[in-house]
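Working notes, structure below.
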Amino acid sequence: MARKSSTKIWWITGIVLVVLMVGLFGAKQAGLIGKPKTTEVEYTNVKRNDIIERVSASGKVQPEVEVKLSPDVSGEIISLNVAEGDSVVKGQLLLKIRPDNYESLMARAQAAVNSSKANYEQTKAMVSQSESRLIQAKANFERNKKLYTDKVISASDFETFESNYGVAQQDLESAKANVSAAMFNIKSAEASMKDAAENLRKTSIFAPVSGIISLLNVEEGERVVGTSQMAGTEMMRIANLRNMEVRVNVNENDIVRVSIGDTAEIDVDAYSSSGRKFKGIVKEIANTAAGLATSTTSASSVSADAVTEFEVKVKILNDSFSDLMATRSKKSYPFKPGMTASVEIITERKNSVISVPIAAVTTRSNKAAEDAKKEPNSNDADIDANKAKAKKEEVIKEVVFVDVKGKAEMKEVKTGISDFDNIEILSGLKEGDQIISGPYIVVSKNLNNGDLVEKKKPEVKKDEKKSNEN
């Protein structure tokens, strides 16, 4: 019995010791006993730097001018005079489509024109005949009118002559109308012949511009569909590979900072291994978001998370790759349509401005409105009103933290442009001030006004630690 009591006492004593140790550890961490808990931070000094603000985007290399050729008429290709990569000049014959059917249509149209002209001459002759008959009918009418007045002929005979005269007049008007109709028939036939001649002409495809055959989709003997029937067959593309551009999509948050004429640095993936970069200039900025102009979906069906982007065309300056052109043959060019490229558009540049590391600047909201939510003796209506008021009064501001006698003090600043490393300080700090710059998660999330801070101790590498122990 005594042995069981002794064991029980030991268990109780052990549990009490564990509870005491946990309590002491918690009190120490909370700063109730021993040294208060501090946050280890990194420091840096405010200094002057050159800041280049950039907008980054990626896209594809494309020719500034690229013409897609599709036939106007359908048929079989009987002659193909170019190959992919060939240089062509404006007006050069590229290929021929079998013209047999169009030659037949042309002959038929020519025959229709000749028939219309013959019919025209025939109607003109009928006019002359009608005029002669009218003269004779008029003479008979005038002569018999006098005889009728003299009571020589009967009223019935006079009416016959009068009727013949009226019919002759109508025949002449009808003949003249037939002449006009025949003239219109000639014009219609000539228009049909012109259309047939144009279709016959379109069986020969000529180069609309000078350039390089950048893409060839057809072979001799292949049948193609003309644009008069649906979209037509894309046969080839002619591009000027001397003048190239990069087409990139820029986020709507960045597009407002991009302007026509901004310079750019272009990194083409094909030349990344050599570290070669090319110079460019912004030549065109889309006014409508990419895909929006051709989209047929309703606004309600578009996802709220969809990224809105605008197409920007960046011309690759020829001077930046002139040395590559000198080492290549006439048919070879350093860039090919579809190459992947990354672009950094320089939107603004400032030299020797007061700046800090971009990780040192964070945002905090003012807490004045938060107290309104905690007021005692408030009913539900007051709480809702206070919450609405708090939300309205809450202001997000940019701040940095400085060390004031071992405590973090929040300091509001106004910032300007930034690059990937530094951000410009317009107000709130001066050159030489010491600020807390890291670690990033501490500055951006954890650090609050009045927290105790101390300089972070440098980490000792394992190799150095082993050598010190030895």
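The values are calculated or read from the model by the stated rules, or taken from the named source; none is laboratory data. What you see is a predicted model; the values in this text were computed from it and never measured. Note that we place each Cβ from the backbone using ideal geometry, even for glycine, and neighbour counts take in every protein chain shown.
Observations on the model:
- In this structure, residue 70 qualifies as under 30 Å from residue 210 (Cβ atoms), modelled with pLDDT of 90 or more and surrounded by 14 or more Cβ atoms within 10 Å (Cβ to Cβ).
- Count - residues of segment 411-436 that are part of a strand (DSSP E or B) and under 25 Å from residue 56 (Cα atoms): 10
- The sole residue among 58, 79 that is part of a strand (DSSP E or B) and under 26 Å from residue 313 (Cα atoms) is 58.
- Condition broken by residue 125, with the remaining ones in (1) outside the structural domain of residue 234 (by TED's automatic domain parsing); (2) within 60 Å of the chain's Cα centre (by Cα) satisfied: (2)
- Scanning segment 41-64 for residues that are more than 30 Å from residue 402 (Cα to Cα) and surrounded by 14 or more Cβ atoms within 10 Å (Cβ to Cβ) yields 55, 56, 57, 59, 61, 62, 63, 64.
- Scanning segment 374-397 for residues that are out of contact with any Leu (no Cβ under 8 Å at 6 or more places or on another chain) and modelled with pLDDT of 80 or more turns up at least one hit.
- The C-beta contact set for segment 323-334 (first residue outside the structural domain of residue 214 (by TED's automatic domain parsing), second residue part of a loop (DSSP other than H, G, I, E, B) and modelled with pLDDT under 85, distance under 8 angstrom, 6+ apart or interchain) comprises 325/333; 334/328.
- Any hit, segment 247-259, residues being of a type in the set (A, V, I, L, M, F, W, C), modelled with pLDDT under 90 and in a loop (DSSP other than H, G, I, E, B): no
- Tabulated pairs, segment 131-143, first assigned by TED's automatic domain parsing to the domain that holds residue 173, second of a type in the set (Phe, Trp, Tyr) and surrounded by 12 or more Cβ atoms within 10 Å (Cβ to Cβ), C-beta under 7 angstrom, 6+ apart or interchain: 137/165; 138/165; 140/161; 141/161; 141/165
- The one condition in (1) under 27 Å from residue 228 (Cβ atoms); (2) of a type in the set (A, V, I, L, M, F, W, C); (3) touching a helix residue (DSSP H, G or I) at 6+ places or on another chain (Cβ under 9 Å) that residue 161 fails to fulfil: (1)
- Scope segment 137-175; condition surrounded by fewer than 16 Cβ atoms within 10 Å (Cβ to Cβ) and under 30 Å from residue 185 (Cβ atoms); matching residues: 166, 167, 169, 170, 173, 174
- For segment 9-30, the criterion of being at pLDDT 90 or above, among the hydrophobic types (A, V, I, L, M, F, W, C) and surrounded by 12 or more Cβ atoms within 10 Å (Cβ to Cβ) is satisfied by no residue at all.
- For residue 362, the criteria (1) over 17 Å from residue 258 (Cβ atoms); (2) at pLDDT below 90; (3) not aliphatic (A, V, I, L, M) hold in every case but one, which is (2).
- Scanning segment 217-243 for residues that are crowded, with 17+ Cβ neighbours inside 10 Å and not charged (D, E, K, R) returns 218, 224, 226, 232, 233, 235, 236, 238, 239, 240, 241.
- Cross-chain or 6+ apart pairs with Cβ under 9 Å, segment 268-292 first and under 16 Å from residue 313 (Cα atoms), then loosely packed, with under 14 Cβ neighbours inside 10 Å and among the aromatic types (Phe, Trp, Tyr): none
- Within segment 208-240, being without any contact (Cβ under 8 Å) to a residue 60 or more places away in the chain and among the acidic types (Asp, Glu) holds for no residue.
- Long-range neighbours under 7 Å by Cβ, at least six apart or interchain, first residue at negative phi within segment 244-263, second among the hydroxyl-bearing types (Ser, Thr, Tyr): 248/58; 252/308; 257/347; 258/347; 262/347
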